[in-house]
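Take a look at the structure set out below.
The values are calculated or read from the model by the stated rules, or taken from the named source; none is laboratory data. In this text the structure is predicted, and so the values were computed from the model without any measurement. Because the Cβ atoms are built from the backbone with ideal geometry, glycine has one as well, and the counts that use them run over all protein chains shown.
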Amino acid sequence: MGISLEREILVVVGTGGVGKTTLSAALGLAALERKERVLVVTIDPAQRLADALGLDSLTHTPQRVCGPTPGGGALWAMMLDTKRTFDELVERYLRDPESRRGIVENPIFQNLTDAVSGSREYSAMEKLFELHASGDYDLIVLDTPPATHALDFLDAPRRLSGFLDSNLQKALLKPAVVVGRSGFRALRRGTDAVISIIRRITGLEFLQLISGFLVALEDLWKGLSQHADALHELLRSERGGFALVVQPNPVQAKRAAEFSSRLDAEGIRLDALLLNRMTAGFPGVKPTSEKTREDLCGAIAPQLPPHSPETATALSDGLCDWVDATLRRTEAEEQASLELQSALRLTPEQVCRVPRLSGELHSREALSALIPYLVKRNDRG
Amino acid sequence: MSSDVAGLLHKRLIFVTGKGGVGKTTITAAIGLAASHLGLHTLLVELGDRPEIPHLFGRSEIESDEAPVGLRENLFHLALVPEVALREYLEIQLRVRSIVRLVLRNSGVRRLLEAAPGWRDLIRLGKLWHLETRSEGDAPRWDLLIVDAPATGHGLTLFSIPDAVLETVRSGPLRRHAAAVQSLMHDPARTSVLPVTLPEELSARETVQLIESLEARQLKSCAALANAVHRAPASAELLAALDQLDSSPPGLPDLDSMRARLHDDLDRAKHENEWLGFVRDQVGICLELPRLEPAPKSLDGIEELAARIQTAASPR
């Protein structure tokens, strides 16, 4: 059972609200038993996580959380502020003040940075590349941004490159340029016609703004694409791993098949499936029978004031209903877990069942309670 | 409590949003069912090409992504696919289909659409505006549109995209259309956002922030709907009854594990109450719906939730 912590980068993916951030932090703690320098990078600014790690707040740069432990491991944590990282990238890559102005003063940059594919994802990739390349950490656990599609952060940057190479982009920026080669001329005529049509709807100004923004990003993109490619390779190799966090319910199970084909298309194998917040049930117990209810009623009645048979029945039914409800929930969860495992073509050893722990995870000790559910037994100690 | 829900059903356009995993789709379906029972001609809208609601109503294949599909009397569903809506918009604007094809097949246009996905949100709102304004004779085509909106962060981007366009584009049809969409979004008589929350910390905090952000954007939100509130059959009385027993009768789990589980459940119920109280104090709660076991991904579960919504919407 459990996750291999032998990787250099472990990417934790999943949709919003499933507990990725908490499990990422717990994985970081778990890794201290195997690795010396571990960094957890989160996108989620949840104060609760900072509290759980014993920090005042998570910052944009790594802070030491704990360690060295007796085993020699130390844990760092940081919060990746994607907007700020992107601004830093613009500063760093666009030394030419004019192209920097082209981006920063572009109304789209002010309004729609998020609307342009990949700006946040680029930032996350670049930061991850930087942290890995620094050699300061043996393992980086990355808690990815919540996304409907958990892998968006991998391929969003790629979409930008398609447009930057297109005729439309060139024509928008230099409408007056006459292209010499005859083959190009035919293409250009088609493109010019299209531009004049779109113009009727959006106005040329808008098209030029968008285009200008994407083109101003071109230098930035060129600087980053090599890093993004290198990181992609790393994540596909033995040095990188992916863990998917889900809550075991029928909807998640249905989405898993789709997710699986997406992983295949990316050439990525899933290391582990983390089934989070599973109900701690009653293994081996069957739904209650009439006989059990009567027995329980009989056992409770003598403890109550005399002549209160209704109370005894109510208590007995209440307890039995509660047991049955718990059993139904665990059965539904188990069913969904098996569907997920088979849709993702995982072995039972790759599936971690993490129980819903009582109380809130507001201390390192509480987070540590998750460790036994995450790592292989023979990996520990 | 009842007036909030009744008021909500008097709008024309409801956006159901909230943190990921709070049950937006289920609530969208349940409100739709309740509205249709009350005689409102209702259209449920999902914003992608993989809709889930038709499955809940027992439809395995999606018949159409262009025309609304009937689910029940008075209840229809539309999968609003941005690519389809864009083609429809261009057909209305350009009138000639061959020209629309020329534009959409242009590789540069296709790449631009890939590179700047923000257009999808704009066209989604544009299509909703179009649906809202359609009429049949003197009556509107739809009494009520209920949108299964994206989760909080993306939801806020979606709601404010007309503002961004108006700041960026100074003239032309696009500006006129964005202004029309914005006036629908900003009209509290027609449009409301319904934030859905779970009784737990992260979603409670996000809900309060969401409602503050909506106000800052001049968008009307109603009080939060609390979903999946534990109807804990677990109670202190049950725990006390367990304490009276020496051993558990055959067929039941042993006393210690029952006691431990009951303690957990009571503990959770206590936390849930605290976070419900937090939301109630900060922004109000329009309705509490129970957690259904197992998850309400069947029509029975949705019918049960719809019945509660209907009761809350009816005059007392």
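Search the stretch B:246-265 for residues being hydrophobic (A, V, I, L, M, F, W, C) and surrounded by 17 or more Cβ atoms within 10 Å (Cβ to Cβ), and hand back the single one that is nearest to B:Cys222 (Cα to Cα). Can you show your working first?
Applying the first criterion (hydrophobic (A, V, I, L, M, F, W, C)) to the stretch B:246-265 yields B:252, B:255, B:258, B:260, B:262.
Still in the list and also surrounded by 17 or more Cβ atoms within 10 Å (Cβ to Cβ): B:252, B:258, B:262.
Details: B:Leu252: 45, B:Met258: 40, B:Leu262: 35 Å.
Looking at the filtered set, the residue picked out is B:Leu262.
Which one is surrounded by the most Cβ atoms within 10 Å (Cβ to Cβ) among residues in the stretch A:251-307 that are aliphatic (A, V, I, L, M) and over 37 Å from the mean Cα position of the chain (by Cα)?
The residue in question is A:Leu296.
Determine which single condition B:Gly137 fails, assuming it passes every other condition in (1) at negative phi; (2) away from chain A (no Cβ under 14 Å).
The single condition B:Gly137 does not satisfy is (1).
Tell me, which helices (runs of 4 or more DSSP H) wholly within the stretch A:1-96 include 1 or more residues that are in contact with a strand residue (DSSP E or B) (Cβ under 9 Å, 6 or more places away or on another chain) and under 18 Å from A:Phe242 (Cβ atoms)?
Filter on the stretch A:1-96 gives A:20-31.
For the stretch B:144-153, indicate whether the set of residues that are over 13 Å from the mean Cα position of the chain (by Cα), touching a residue at least 12 places away in the same chain (Cβ under 8 Å) and surrounded by fewer than 22 Cβ atoms within 10 Å (Cβ to Cβ) is non-empty.
Within the stretch B:144-153 (the criterion being over 13 Å from the mean Cα position of the chain (by Cα), touching a residue at least 12 places away in the same chain (Cβ under 8 Å) and surrounded by fewer than 22 Cβ atoms within 10 Å (Cβ to Cβ)), the answer is no, since none of the residues qualifies.
Please specify each residue of the stretch B:1-54 satisfying the condition of being among the hydroxyl-bearing types (Ser, Thr, Tyr) and either surrounded by fewer than 18 Cβ atoms within 10 Å (Cβ to Cβ) or within 14 Å of chain A (Cβ to nearest Cβ) (or both).
B:Ser2, B:Ser3, B:Thr17, B:Thr25, B:Thr26, B:Thr28
Taking interchain pairs and intrachain pairs at least six residues apart, which have beta carbon atoms under 6 angstrom, with the first residue in the stretch B:259-284 and within 22 Å of B:Leu225 (Cβ to Cβ) and part of a helix (DSSP H, G or I) and the second modelled with pLDDT under 95 and small (Gly, Ala, Ser)?
B:Ala269/B:Ala232; B:Trp275/B:Ala204; B:Phe278/B:Ala204; B:Val279/B:Ala204
Of B:Arg111, B:Arg101, which residue is more than 20 Å from B:Leu13 (Cβ to Cβ), basic (Lys, Arg), touching an Asp or Glu at 6+ places or on another chain (Cβ under 9 Å) and not in a strand (DSSP E or B)?
B:Arg111
Taking the stretch B:175-210 only, how many residues are in contact with a Phe, Trp or Tyr (Cβ under 6 Å, 6 or more places away or on another chain), within 14 Å of chain A (Cβ to nearest Cβ) and either under 13 Å from B:Leu125 (Cα atoms) or not hydrophobic (A, V, I, L, M, F, W, C) (or both)?
Number of matching residues: 3.
Against the definition (among the aromatic types (Phe, Trp, Tyr) and within 12 Å of another protein chain (Cβ to nearest Cβ)), how does A:Phe242 come out, yes or no?
Judged against the criteria, A:Phe242 is not a match.
Looking at the stretch B:210-221 only, could you name the residues that are over 17 Å from the mean Cα position of the chain (by Cα) and touching a residue at least 12 places away in the same chain (Cβ under 8 Å)?
Scanning the stretch B:210-221 gives B:Ser213, B:Arg217, B:Gln218.
I need the full set of residues from the stretch A:18-59 which are acidic (Asp, Glu) and surrounded by fewer than 19 Cβ atoms within 10 Å (Cβ to Cβ), in order please.
A:Glu33, A:Glu36, A:Asp51, A:Asp56
Restricting attention to the stretch A:285-333, and to residues there that are facing chain B (nearest Cβ under 7 Å) and among the polar types (S, T, N, Q), which single residue is nearest to A:Arg356 (Cα to Cα)?
A:Thr326
State whether one or more residues within the stretch B:241-258 are under 30 Å from B:Lys11 (Cβ atoms), more than 9 Å from chain A (Cβ to nearest Cβ) and out of contact with any helix residue (DSSP H, G or I) (no Cβ under 6 Å at 6 or more places or on another chain).
no
Restricting to the stretch B:225-242, name every residue that is surrounded by fewer than 18 Cβ atoms within 10 Å (Cβ to Cβ) and free of Cβ contacts under 8 Å to residues at least 12 places away in the same chain.
Matches in the stretch B:225-242: B:Glu237, B:Ala240.
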